[in-house]
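Below is one structure, written out as structure tokens; the observations come after it.
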Amino acid sequence: MRSAIISRSIASSRTIGTGLIIGALAMTLAALLIPVSLFGQSSAAALPSGVIDDGKGTISTQYGPLTAVDRDFVRKVKLAGLWELPSGRMAQERGNTDAVKTAGEHLIEGHTELDRRSNEVGQALGIPLPTQPNEQQQGWLNQMTSAASPAEFQQLFANLLRAAHGKVFGLVAQVRAQSENSMVRSLATRANAVVLDHITVLEDTGLVDFEALNTK
């Protein structure tokens, strides 16, 4: 009798132990599977604010890995020139102070160089580049074109361009610090210097409204 009771107890313990093992394995499997699905969702969410994910992921190139952030950056450099070059020309044509004309000259020189560099990087890395300003940039150009007087134009010129450069400055620095692609890093290095120069000459016009700038 005692032997039968012991046998039943051992069998029961084995059953419970087996159940616990199966349960633990099921929980481990679930824990392994859940992150796989979450990683797929979080990769896009991990991109910096304002970066457009083209869905191509990270591509291997002879210059190093090319990420969605890298490609978006190259496109943004090209886009910047598509509206800042015309802005610089307008400043030279419509500006009535030396400081505004100087700022326009720096914009033309800087973005002529960056436009050439972004074209070279885009061709080497297979990144399609825009050929027209985006809707927001075209709106800024329209505002400056429609300015009723040189004074109104200059105010718009200094503040629209300064605000745009301030927003992109952080992205340029981040790409320069984090990109593993040598061509993109080289472009970011030069863009960093150009953007800082443009911020400086725009502020030198004396027309930048810093209070309004800091509320945007």
* Diffusion coefficient, µm² s⁻¹, Stokes-Einstein with Kirkwood Rh over alpha-carbon pairs of the stretch 154-216 at 37 °C and 0.692 mPa s -> 264 µm²/s
* Structure fact -> With label points set 7 Å from each Cα along the Cα-to-Cβ direction at GLU105 and LYS56, the distance between them in nm comes to 3.9 nm
* To do: Take the Cα coordinates of the stretch 47-113, assign each an equal point scatterer, and use the Debye formula without solvent to give log10 I(q)/I(0) at q = 0.14, 0.26 Å⁻¹.
  => -0.57, -1.00
* Sequence neighbours fewer than 8 away in the same chain don't count; with that in mind, list the aspartates and glutamates whose C-alpha is under 20 Å from LYS167. => ASP53, ASP70, ASP72, GLU84, ASP115, GLU135, ASP197, GLU203, ASP204, ASP209, GLU211
* To do: Using label points projected 7 Å from each Cα along Cα→Cβ, tell me how many nm separate LEU47 and THR145, to one decimal.
  => 3.0 nm
* Asked: What does the highest-first list of 115-123, 62-70, 133-141, 50-58 look like by mean Cβ count within 10 Å?
  -> 62-70, 115-123, 133-141, 50-58
* Structure fact -> Mean shadow area (nm²) of the C-alpha convex hull around the stretch 61-216 is 8.7 nm²
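No lab work stands behind these numbers, since they all come straight from the coordinates. Only a predicted model underlies this, so the values are computations on that prediction, with no experimental measurement involved. Every residue, glycine as well, gets a Cβ built from its backbone with ideal geometry; the counts of neighbours run over all protein chains shown.
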